[in-house]
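> Below you'll find the structure I mean.
Taken together, the values in this text are just the output of simple stated rules run on the coordinates, not laboratory data. Nothing here was measured: the structure is a model prediction, and the numbers come from that model. FYI the Cβ positions are ideal-geometry reconstructions off the backbone, even for glycines, and counts take in every protein chain you see.
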Amino acid sequence: MSLNRKLRMGMVGGGRGAFIGSVHRMAAALDGKIQLVAGAFSSDPEKSRLSGEDFMLAPSRVYSSYQEMAEKESALPEDERIDFVSIVARNDLHYDISKTFIEAGFNVICEKPLAFSHEQGVQLANVVEASGKVFALTHNYTGYPMVKEAKAMVADGKLGRILKIVAEYPQGYAITALKDEDDGAISNWRMDPGVSGVSNCMGDIGSHAENLARYITGLEIDELAAELTTFIPGRPLDDDGNLLIRYKGGAKGVLYASQISTGDENNLNIRVYGTEASLEWHQEHPNELTVKYAEQPRQIHRRGNVYNGEVCGKYTRLPFGHPEAFIEAFANVYLGAAEAIADEVNGTYSGSEGYDFPTVADGVEGMAFIEAAVNSSKNNAAWTKL
């Protein structure tokens, strides 16, 4: 990043009591390259004001709505206004907020999903393309150094031709709602189709598994067969899903995402099988990458060691034996996006190629995946093209 100052960040959503907002703020601040200076932290103006006090912001930079924020920030001098906005609002608002700030001349980092629907996602991608602005999507699991090492191994041909991908994302937190009929286990808006979209579980966490597989292997889905299930009575959206996948080029895949897998916490994991070797990575043990061979002992590669590749090293902060995890991975998405945003501010940004962060194109692919899974499930798990 070539600026001689910190990037100025604004935030929409993420006020008092919002888990994901605090995660974004910690991640953005970790490397000392970004400073939060403004925000519209809630649709409730008083809550937004109080959140601004919590974050020690100037009252004049705390807004009652994202529309007011975009208008007033764009009217400020260039050396005062925000360089980008971080959007951590509800799913149904991502498109409108992103479009508003892009058209007001600001770069955007947005929580996933990209939009409420695939159609909205395509429209937003066109807006981003026309604007020349940076748009990053926080599929944060791509930020782990050993995930980047896995991606480099595949790209270097160390696994040979990819034959099979198994991606799993089991959680068990919603099982209490099934046992005790406790609606609080899944926040109400996530089970509201008017807010969350066409899917809960597959849209919320299954999309992370799909993105992780695509990031590591570079393979795109051709078609899928999905069975989505709602185990919790009275809920309109899925809390479990199982998919078979056919990738372009001939590889096959299995993807499973669940919120009713009793005892599992946040057990995202992936296995990629090639003709020469396979690899395995677990989000709950993120500093290790296991590489397996047919006729050799398996290897465990650990973060922070000199035998890892250049990209893995770039996104590693601490020496080996000093664990890094969720916040650092999230910060790596911000770090990659910050490089592009600094170039955009300097007038040297010419597109997302060459940077390492999830883009609006990744978001469009994710929306296509979610809708294809839902449509397949509605048609008795029929094979469905993306």
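> Filter the chain for me: DSSP H helices, axial length by Cα at least 18 angstrom, mean Kyte-Doolittle hydropathy not below -1.0. List them by residue number.
118-131, 326-346, 360-378
> Considering only DSSP beta bridges whose two residues both sit in the chain, what percent are antiparallel, to the nearest 5?
60 percent
> Against the globular-protein guess of 2.2 N^0.38 Å, express the Cα radius of gyration of the range 67-209 as a ratio, rounded to two decimals.
Against the empirical 2.2 N^0.38 Å value, I get 1.30 for the range 67-209.
> Please report the relative contact order for the range 1-74, taking Cα pairs under 8 Å with a sequence separation of at least 6, and give it as a percent rounded to a whole number.
About 29 percent, as a whole number.
> Given Leu3, Gly32, Val108, which one lies farthest toward the positive end of the charge dipole of the range 2-112, if we put +1 on the Cβ of every Lys and Arg and -1 on the Cβ of every Asp and Glu?
The residue sitting farthest along the positive end of the dipole is Gly32.
> Under 15 Å from the 7 Å Cα→Cβ point of Val122, by amide nitrogen: which residues of the range 370-386?
370-372, 385-386
> Which distance in nm do the two modelled labels at Thr262 and Leu76 give, with both placed 7 Å along the Cα-to-Cβ direction?
5.2 nm
> OK, next. Given R₀ = 30 Å, what would the calculated FRET efficiency be for His282 paired with Val306, taking r from the Cβ atoms and rounding to 0.05?
0.85
> Shifting gears a bit: Please list 3J(HN,Hα) in residue order for the range 234-241, calculated via the Karplus relation 6.51 cos²θ - 1.76 cosθ + 1.60 where θ = phi - 60°; whole Hz, with x for glycine and proline.
Per residue, the Karplus-derived 3J(HN,Hα) values read x, 8, x, 10, 5, 10, 7, x Hz.
> How would you classify the range 278-386 from its alpha-carbon gyration tensor, with a ≥ b ≥ c the square roots of the eigenvalues: rounded for a/c under 1.5, else prolate if a/b is greater than b/c, otherwise oblate?
oblate
> Place a +1 charge on the Cβ of each Lys and Arg in the range 200-258 and a -1 charge on the Cβ of each Asp and Glu, then give the dipole magnitude about the Cα centre in debye, rounded to the nearest 20.
In total the dipole reaches around 200 debye.
> Something else now. PRE reach from Leu163 (point 7 Å along Cα→Cβ): which of the range 289-310 fall under 16 Å by backbone N?
292-296
> Next up: Using Cα pairs under 8 angstrom and six or more residues apart, how large is the relative contact order of the chain, in percent?
Contact order relative to length: 20 percent.
> Rounded, prolate or oblate for the range 39-106? Axes are the square roots of the Cα gyration tensor eigenvalues, ordered a ≥ b ≥ c, and the cut-off for rounded is a/c under 1.5.
In terms of gyration-tensor shape, oblate.
> P(r) of the range 339-386 in 5 Å steps, Cα pairs, percent per bin?
Final binned percentages: 5, 19, 17, 12, 11, 9, 9, 8, 6, 3, 0.
> Is there a pair in Lys151/Lys314; Lys248/Lys385; Lys158/Lys292; Lys164/Lys378; Lys6/Lys99 whose C-alpha atoms are over 19 Å apart, and which pairs would that be?
Pairs exceeding 19 Å: Lys164/Lys378; Lys6/Lys99.
> Still on this model: Compute the length gained on full extension between Glu103 and Ala382: take 0.36 nm times their separation in residues and subtract their Cα-Cα distance, giving the result in nm to one decimal.
96.5 nm
> Dipole magnitude of the chain about its Cα centre, charges +1 at Lys/Arg Cβ and -1 at Asp/Glu Cβ only, in debye to the nearest 20?
Once rounded to the nearest 20, the dipole reads 760 debye.
> Which order do the peptides 228-234, 359-365, 150-156, 317-323 come out in when sorted by mean C-beta neighbours inside 10 angstrom, highest first?
My ranking of the peptides, most packed first, is 359-365, 150-156, 228-234, 317-323.
> Turning to a different aspect of this structure: Just to verify a number: FRET efficiency for Glu295 and Val195, C-beta to C-beta distance, R0 = 41 Å, to 0.05?
Between Glu295 and Val195 the formula returns 0.20.
> With charges set only on the Cβ (+1 for Lys and Arg, -1 for Asp and Glu), what does the dipole of the range 300-386 come to about its Cα centre, in debye to the nearest 20?
440 debye
> Evaluate the distance, in nm, between pseudo-label points positioned 7 Å from the Cα of Ala325 and of Ser64 along their respective Cα→Cβ axes.
4.2 nm
> So what is the 222 nm mean residue ellipticity for the chain from helices alone, if each DSSP H run of at least 4 adds -39500 (n - 2.57) and you divide by all residues, rounding to the nearest 500 deg cm²/dmol?
Value at 222 nm, helices only: -10500 deg cm²/dmol.
> Using only alpha carbon positions, build the gyration tensor of the chain, then give the equivalent ellipsoid semi-axes as the square roots of 5 times its eigenvalues, largest first, whole angstrom.
After scaling each eigenvalue by five and taking roots: 33, 26, 20 Å.
> Label-point separation (nm) for Asp54 and Ser22, each offset 7 Å from Cα along Cα-to-Cβ?
0.8 nm
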